[in-house]
1. For the range 26-82 and the range 249-263, what is the separation of their Cα centres, given in Å?
2. Quick check for me: using +1 on Lys/Arg Cβ and -1 on Asp/Glu Cβ, what's the dipole size of the chain about its Cα centre, in debye to the nearest 20?
3. List the relative contact order of the range 185-297 as a percent without decimals, with contacts defined as Cα pairs under 8 Å and 6+ residues apart.
4. State the antiparallel share, in %, of DSSP beta bridges confined to the chain, rounding to the nearest 5.
5. Please give the charge dipole size of the range 1-76, origin at the Cα centre, charges +1 on K and R Cβ atoms and -1 on D and E Cβ atoms. Round to the nearest 20 debye.
6. Between beta-carbons, use under 14 Å as the cut-off and find the net charge around Ala150, counting Lys and Arg +1, Asp and Glu -1.
7. When only C-alpha pairs under 8 Å and at least 6 residues apart count, what is the relative contact order of the chain, in percent?
8. Test of understanding: express the Cα radius of gyration of the range 1-96 as a ratio to 2.2 N^0.38 Å, with N the residue count.
Amino acid sequence: MTGRIVVVGSVNTDLVVFADRAPGPGETLVARDFALLPGGKGANQAVAASRCGAAVSLVGRVGRDAFGASARATLAAAGVDPVDLRDTDGVASGIASITVEASGENRILIVAGANGCVTPDDLPDFRDAGIVVLQLEIPIETVYAAIARAVSAGVPAILNPAPVLQLDFARLRGLAYLVPNRGELAALTGRSTARFDDVVAAARRLVRQGIGAVVVTLGADGAVLVREGRVAHVEAPVVMPIDTTGAGDAFIGCFAATLLHSGDEDVALAAAVRYASDTVTRRGAQASYLPRPSAQP
Ligand code: RIB
């Protein structure tokens, strides 16, 4: 495969509180630390793909504010082409309020802000795209329009259905890869995904609805790829998690970059599991993504 990775998605600033545990309703707790970090599923996936050696551009929107300017600078420093990242009047840049517990587990609330203003008119023609990558932190009509445009241009599209919502699978027909986590897969199919066999069965249902392959990220259990006639499971290395924020985004960015230069989804799956596992040993989303020189073409 050739061309660049075009990510169509969100740009956030993450307001991250590190605490022993998240407070319950009506409870006040003293936390350990706070950090303002670059985030947003779209931006994270773009940065991860760039760190894994791909040429990447990001289609999205930020407000004309300090968070927007800072996100723009961070993306440029990470080698992501901001040619299709628009400044938007009258709306704040997107933010995420995140609590990270001592276990490394995270809870995230997002305020879409400018991400909610990304329209189908913002989409480029994908002429030089090798892969298009999408998530659900921008309006769903824009996501469907991008998938339709990628499919008609013959460009493989990858959709990360997060934050999860009910999807019209007729409008996902031709999608090359759907990449949910276990909870998102359960929400999309209305099926239990508690056991590994349940995960495979639920993924098969989506493949039967016209998705090329479903790749389910399983955290400490690695990831599994399901397509018609085959199942491939890659175990994750054992690591000590500090912060799991953005690990799924690291997986997708690395998967896309490795798929683009190798053309081999099994190689991409193994690389993505290793890359995402490493990121949970450091704080932050983009802040935890190291360059992966071995992914260079
Ligand atoms: O997937 C992690 C990301 O989700 C965070 O960076 C946050 O901004 C939200 O978009």
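Only the coordinates and a few stated rules stand behind these numbers; no lab work does. Keep in mind it's a predicted model, so treat the numbers as computed, not measured. Heads up, the Cβs are rebuilt from the backbone with ideal geometry, glycines too, and the neighbour counts pull from every protein chain shown.
1. Each part reduced to its Cα centre gives a spacing of 18 Å.
2. Values: 26 positive and 30 negative charges, 85 e Å.
Its charge dipole is roughly 400 debye.
3. Details: 176 pairs, mean separation 22.1, N = 113.
Averaging sequence separation for qualifying contacts and normalising by length gives 20 percent for the range 185-297.
4. 45 percent
5. Values: 8 positive and 5 negative charges, 79 e Å.
Charge dipole of the range 1-76: 380 debye, to the nearest 20.
6. Once all neighbours under 14 Å are counted, the net charge is +3.
7. On the way: 751 pairs, mean separation 60.0, N = 297.
Once normalised by length, the contact order is 20 percent.
8. Rounded to two decimals, the normalised Rg is 1.26.
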